[in-house]
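S.K.: Pasting in a structure now, in structure tokens, and then I'll have a few things to ask.
The values are calculated or read from the model by the stated rules, or taken from the named source; none is laboratory data. These numbers come from a predicted model, not from an experiment. Cβ sites come from the backbone with ideal geometry, for glycine too, and all protein chains shown count toward neighbours. Note: accessible area is taken over every heavy atom of the protein model, side chains too, but ligands, DNA and RNA are not part of it. Shrake-Rupley method; radii C 1.70, N 1.55, O 1.52, S 1.80 Å.
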Amino acid sequence: MPTTDADIERVRELVAAIPPGRVATYGDIAAAAGLSTPRTVGWIMRTDSADLPWHRVLRADGTPAAHLAHRQLRLLAEEGCPLAGDRVDLRRARFVFATGD
């Protein structure tokens, strides 16, 4: 199923809603947006996220993409996000999107 403009805007809204010091995974965002795969979120983030807090979106294991790791972890640490080595402590930092909006 093709990605619609509404899907893109919903993902953008969700990413924008993640507060400083908190994170969400690609899968968390896909589930909240009603998308079938986290890969769609990744595609949207690669193509349309320059004005968003992109650094608050991580892989399911709490790690950033390798090519962004240093910068992303630095930005998260500056926000007070709990880190555990080269990853975020998802138990403590995961943002839970409100349901029913």
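S.K.: About the Cα centre of the chain, how large is the charge dipole given +1 on each Lys and Arg Cβ and -1 on each Asp and Glu Cβ? Please answer in debye to the nearest 20.
M.R.: Around 380 debye, computed over the chain.
S.K.: Picking from ASP51, ASP89, ASP28, which is most flexible by a Gaussian network model of the chain using Cα springs under 10 Å?
M.R.: Evaluated over the chain, the most mobile residue of the options is ASP51.
S.K.: What nm distance separates the two modelled labels at THR99 and ARG87, each placed 7 Å from Cα along Cα→Cβ?
M.R.: Taking the simple label geometry, THR99 and ARG87 are separated by 2.6 nm.
S.K.: To continue, here is another question. Summarise the accessible area of the stretch 1-86 (1.4 Å probe, protein heavy atoms) by the percent that is carbon and sulfur.
M.R.: 54
S.K.: Counting only other residues whose beta carbon sits under 13 Å from that of THR63, what net charge do I get with K and R as +1, D and E as -1? Let's see the in-between values first.
M.R.: On the way: positive: ARG59, ARG87; negative: ASP61, ASP86, ASP89.
Cβ neighbours under 13 Å give a net charge of -1.
S.K.: Please work out the Kirkwood hydrodynamic radius for the chain, using every pair of different C-alpha atoms, and report it in angstroms with one decimal place.
M.R.: Over the chain, the inverse of the mean reciprocal pair distance is 13.5 Å.
S.K.: A further question follows. Heavy-atom accessible area per residue, the chain, 1.4 Å probe: how many Å²?
M.R.: 59
S.K.: Say each of THR4 and ALA60 gets a label point 7 Å from the Cα, pointing the same way as Cα to Cβ; how far apart are those two points in nm?
M.R.: It works out to 2.6 nm between the two label points.
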